[in-house]
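Take a look at this one; I'll ask things after.
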Amino acid sequence: FSTSNAGQHQDVDINFLVAKVYGNWYWYLISLAVFILIGVLIELFVSPRYTVTGRVLVTGYNPAGKAVTGGDESTVLSQLGNMFSTPNSVMNGMEISHSRTLVEKTVRDLQLNVSYWVQGPLRYEETYKNSPFFINLLSLKNITDPVEYDVRVVDSGNKVHFEDEDSDSAFTVSFGDTIHTWYGRCVLLRNPDVVEKNPKHTLGTVINSYAQTIYAYMSNITAATVNEQVNRIDLSISGTAPEKNEDMLKYLINLYVQADIADHNRIADSTIAFIDERLVSVSQNLTDIDKGIESFKKQNKLTDLTNDA
C-alpha cells in the first residue's frame, strides 16, 4: 500500500517488513525468555512488600476551613480555647501524627530497631513475632553500622548461639541471661509461642541504631487526607512484615490520640482557670459597685425611697 504526507508519496513494502521481522525471530524469543527469567528470579528471591494503612479522626478545622467538633459543649469550649491556642487542623495533624517525637517513642518502646529473620527455602524472611527468641535492649550506643548475627538454637532449645558476621566472634547465651557487648546491654528472652529445637535451622537477627531506624520509618510513612470535607488522616507504611507495620501504626496513632487529648485537656484547664479568674474579678467589681451605691444612698439620704416618697 502507499501513504502520502504533505504532497510526498512513499511506497511501503509489507513483504520486506515481514521478512525482516521473521528473519530475527530468535532475538524476540531470547528477549521473551530473558524477561520471563528475570520475573521468576524477582518472585523467588525478592520478598513481597505490603502496605498497611491506619486512619485517625482529627478534631478542629478541616482543609476547607470548617470547624468540626463533637457537640455544643465542645463547640463552646473550642471557642473559648481559641483565646489560648489555635484548634487542631487536619494539616497540623498530618505533620504531628508522624513527627519525629512520636516516631522516636514508638521505635524505642517497641524496639523496632531489632529485627528477626529465618532462612527459608530461597531467601531470608523477617519473622517478627514468630522468632523463638527476643532481645530486650537495656542500653544501646550510637552505632553507625547494623550488628548482624547468624543464630542457632542449641542445647535442646535451652540456649541460643550467636555468631557475628563481621568480627567472626561467637557466644552462647541461655534464656534470661544479660548479654554485655561492645554496643550495649540486652536480655535474651524466650518466645513461649514458638519452640525451635533444630540446631541446624538458620536464624538471624539485626540490630540497627535508633537514629537510622527512626529516619527509615519517617521516610516510609505517608499521610494523606480523603477530601477537604472530612477531618480524617490516612497513615500508610509499606514493608515486608505487615504485622510489624500494623503494630507500629497502631502504637503511633495511640500516641497521637494521647497527645491530642493532653493538648485539649491543657486548653480546657487554661480556659477554666481563665473563667475562674474572670469570675473573681467580676465578683470583686460587683462588690465595689454595691458598696458605691450604698455609700451614695447614705450620703444623699436615699436609704428608703418608699417612705421618703
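Which is more than 16 Å from residue 148 (Cα to Cα) and without any contact (Cβ under 8 Å) to a residue 60 or more places away in the chain, of 176, 184? Write out each step before concluding.
Working: 184 fails: more than 16 Å from residue 148 (Cα to Cα).
So the residue among 176, 184 that is more than 16 Å from residue 148 (Cα to Cα) and without any contact (Cβ under 8 Å) to a residue 60 or more places away in the chain is 176.
Separate question: Looking at residue 77 and the list (1) open to solvent by less than 70 Å² (accessible area, probe 1.4 Å); (2) in a helix (DSSP H, G or I); (3) at pLDDT below 75, which single condition is not satisfied?
(1)
Go through the range 183-224 and give me each residue that's surrounded by fewer than 12 Cβ atoms within 10 Å (Cβ to Cβ) and touching a strand residue (DSSP E or B) at 6+ places or on another chain (Cβ under 6 Å).
Answer for the range 183-224, where residues must be surrounded by fewer than 12 Cβ atoms within 10 Å (Cβ to Cβ) and touching a strand residue (DSSP E or B) at 6+ places or on another chain (Cβ under 6 Å): just 224.
Also, quick follow-up: If only one of 275, 289 is more than 30 Å from residue 222 (Cβ to Cβ) and either in contact with an Asp or Glu (Cβ under 8 Å, 6 or more places away or on another chain) or touching a residue at least 60 places away in the same chain (Cβ under 8 Å) (or both), which one is it?
Values: 289 fails: either in contact with an Asp or Glu (Cβ under 8 Å, 6 or more places away or on another chain) or touching a residue at least 60 places away in the same chain (Cβ under 8 Å) (or both).
One residue alone meets the criteria, 275.
Taking the condition of being loosely packed, with under 11 Cβ neighbours inside 10 Å and either over 30 Å from residue 97 (Cα atoms) or among the polar types (S, T, N, Q) (or both), how many residues in the range 242-274 meet it? I'd like the intermediate steps shown before the answer.
So the first thing to find is which residues in the range 242-274 are loosely packed, with under 11 Cβ neighbours inside 10 Å, and the list is 261-262, 265.
Those left that are additionally either over 30 Å from residue 97 (Cα atoms) or among the polar types (S, T, N, Q) (or both): 265.
Residues that pass the stated criteria total 1.
Identify the single condition in (1) within 20 Å of residue 49 (Cα to Cα); (2) part of a strand (DSSP E or B); (3) touching a Phe, Trp or Tyr at 6+ places or on another chain (Cβ under 8 Å) that residue 234 does not satisfy, given that it satisfies every other one.
(3)
Can you name every one of the strands (runs of 3 or more DSSP E) wholly within the range 89-166 that holds 1 or more residues which are over 25 Å from residue 195 (Cβ atoms), in contact with a strand residue (DSSP E or B) (Cβ under 7 Å, 6 or more places away or on another chain) and open to solvent by 70 Å² or more (accessible area, probe 1.4 Å)? Step through it out loud before you land on a result.
On the way: elements: 114-119, 124-126, 133-140, 147-154, 159-164.
By residue number, 133-140.
Further question: Hey, among the residues in the range 88-126 that are over 17 Å from the mean Cα position of the chain (by Cα) and free of Cβ contacts under 8 Å to residues at least 24 places away in the same chain, which one's farthest from residue 267 (Cα to Cα)?
Per the stated criteria, the residue is 121.
Out of the residues in the range 167-182 that are open to solvent by less than 80 Å² (accessible area, probe 1.4 Å) and aromatic (Phe, Trp, Tyr), state the one that is farthest from residue 197 (Cα to Cα). Let's see the steps before the verdict.
Step one: filter the range 167-182 for residues open to solvent by less than 80 Å² (accessible area, probe 1.4 Å), giving 167, 169-179, 181.
After this cut, where a residue has to be aromatic (Phe, Trp, Tyr) as well, the list is 171, 175.
Values: 171: 18, 175: 14 Å.
Among those that are open to solvent by less than 80 Å² (accessible area, probe 1.4 Å) and aromatic (Phe, Trp, Tyr), it is 171.
So, one more: Is it the case, given these coordinates, that residue 277 is open to solvent by 50 Å² or more (accessible area, probe 1.4 Å), in contact with a strand residue (DSSP E or B) (Cβ under 6 Å, 6 or more places away or on another chain) and part of a helix (DSSP H, G or I)?
Details: open to solvent by 50 Å² or more (accessible area, probe 1.4 Å): yes; in contact with a strand residue (DSSP E or B) (Cβ under 6 Å, 6 or more places away or on another chain): no; part of a helix (DSSP H, G or I): yes.
Judged against the criteria, residue 277 is not a match.
The values are calculated or read from the model by the stated rules, or taken from the named source; none is laboratory data. This is a predicted model, so every value here is computed, not measured. As a convention, Cβ positions derive from the backbone with ideal geometry for all residues, glycine included, and neighbour counts pool all protein chains shown. Ligands, DNA and RNA are excluded from the accessible area calculation, which covers all protein heavy atoms including side chains. Shrake-Rupley method; radii C 1.70, N 1.55, O 1.52, S 1.80 Å.
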